[in-house]
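> Below are the structure tokens for one structure; questions will follow.
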Amino acid sequence: MKSLTELGIAAAIALAFPASALAQTPTFPSQTVRMIVPFSPGSMTDILARAISERLTDKWKQQVVVENRPGIAGTTSVAKSTPDGYTLMLTSNGHTIVNKINKELSFDPLKDFAGISRVAVMPVILIAPPESKTTTVNDLIAAAKAKPGGLNYGSAGLGSTTGLAAETLKQATGTDIVHVPYRGLPEAQTSVLRGDTAMAFTFFNVGGDLIQSGKLRGLAVTGDKRLPGLPNVPTFKEAGLPNFEYDAWFGIMAPAGTPKPVLAKIHQDLVDVLGQSDLRARFEQQGVVISATAAGEFDSIIRRDAERFGKLFDAPAKN
């Protein structure tokens, strides 16, 4: 018997995409589908894309190939691609504000994309070099306030969710910390490990082993509870920052103009794939919630977060 959640999602699909529309795409996909990841191999986005693409390949009996194209160039390639469903993009919530950090974009992050489904929500971990004097979040804030602009942070690149997490922290604490973007999260982590940057945000999937081994220092984790794999890393609330709230999301998009029947087909199959218990179990120990959103809901999330996070770049930093 299907759960109420599954029935609710099915009903949402039926309302948003009529049965007649779904029936118009019996052969999709009939060729290889590309899933563009605008971040480097080994990033959280890449890990999710490869896990999901394997399941879609099995379901569609057509190859779903993950292509890493770090940076704005990767996102641009999707925006400019043929809107037929054969080019998809798995990206993070940092996508919602790329127009704020790059005024010369040749695409609009909202108008030129159609959201298909959010696929995961997960906490982020604030890290620092193991040999630094920064042992707590309060140490980091005090050091940043003592020397505005004197500290820097690494991120997975412009428009990345880890960079957005740091900007949110800066606003919440009234600090001035300089952004140093890298090609991906592994490179940003390496910068912290070597002491080239004072801090960064990471995910358990990517940096958990380094934190457990003491090669990186975990200062705090977002969310309501500590991660099972990092029991000694406090939540931000426990660390004294109850008002800092941030969880990363990741989702799949297509170029605007992709036919609704094709979007409906992809969404319906994503619901099935993301509902597989072994896929969810694979990530849940790392605090990752794998689940699909109802048809049309992801576009609403994108617009909401574009407004919310866009304010980080519209207003001057607090002093």
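Just so you know, all these numbers are worked out from the coordinates, no wet-lab data involved. None of the values given here were measured: they were computed from a predicted structure. Note that we place each Cβ from the backbone using ideal geometry, even for glycine, and neighbour counts take in every protein chain shown.
> Out of P123, P83, P41, report the one residue that is touching a residue at least 12 places away in the same chain (Cβ under 8 Å), under 24 Å from Q285 (Cβ atoms) and either β-branched (V, I, T) or in contact with a Gly (Cβ under 7 Å, 6 or more places away or on another chain) (or both).
P123
> Counting only residues that are without any contact (Cβ under 8 Å) to a residue 24 or more places away in the chain and assigned to a helix (DSSP H, G or I), how many does the range 47-68 have?
Counting residues in the range 47-68 that are without any contact (Cβ under 8 Å) to a residue 24 or more places away in the chain and assigned to a helix (DSSP H, G or I) gives 5.
> What's the number of the only condition in (1) within 10 Å of the chain's Cα centre (by Cα); (2) under 24 Å from V178 (Cβ atoms) that N102 fails to meet?
Condition not satisfied by N102: (1).
> Can you name the residue in the range 215-225 that is surrounded by 22 or more Cβ atoms within 10 Å (Cβ to Cβ) and either in a loop (DSSP other than H, G, I, E, B) or without any contact (Cβ under 8 Å) to a residue 60 or more places away in the chain (or both) and is also nearest to the chain's Cα centre (by Cα) among such residues?
Here the residue is T222.
> Condition first: more than 17 Å from V121 (Cβ to Cβ) and either touching a Ser or Thr at 6+ places or on another chain (Cβ under 6 Å) or touching a residue at least 40 places away in the same chain (Cβ under 8 Å) (or both). Now tell me which residues in the range 229-248 satisfy that.
The answer is G229, L230, V233, A239, G240, L241, N243.
> All but one of (1) closer than 19 Å to Y182 by Cβ; (2) without any contact (Cβ under 8 Å) to a residue 12 or more places away in the chain; (3) not hydrophobic (A, V, I, L, M, F, W, C) hold for S132; which doesn't?
The failed condition is (2).
> Looking at P259, P255, P228, which one is more than 18 Å from N93 (Cβ to Cβ) and buried (at least 20 other Cβ atoms within 10 Å of the Cβ)?
Checking each option against the conditions leaves just P255.
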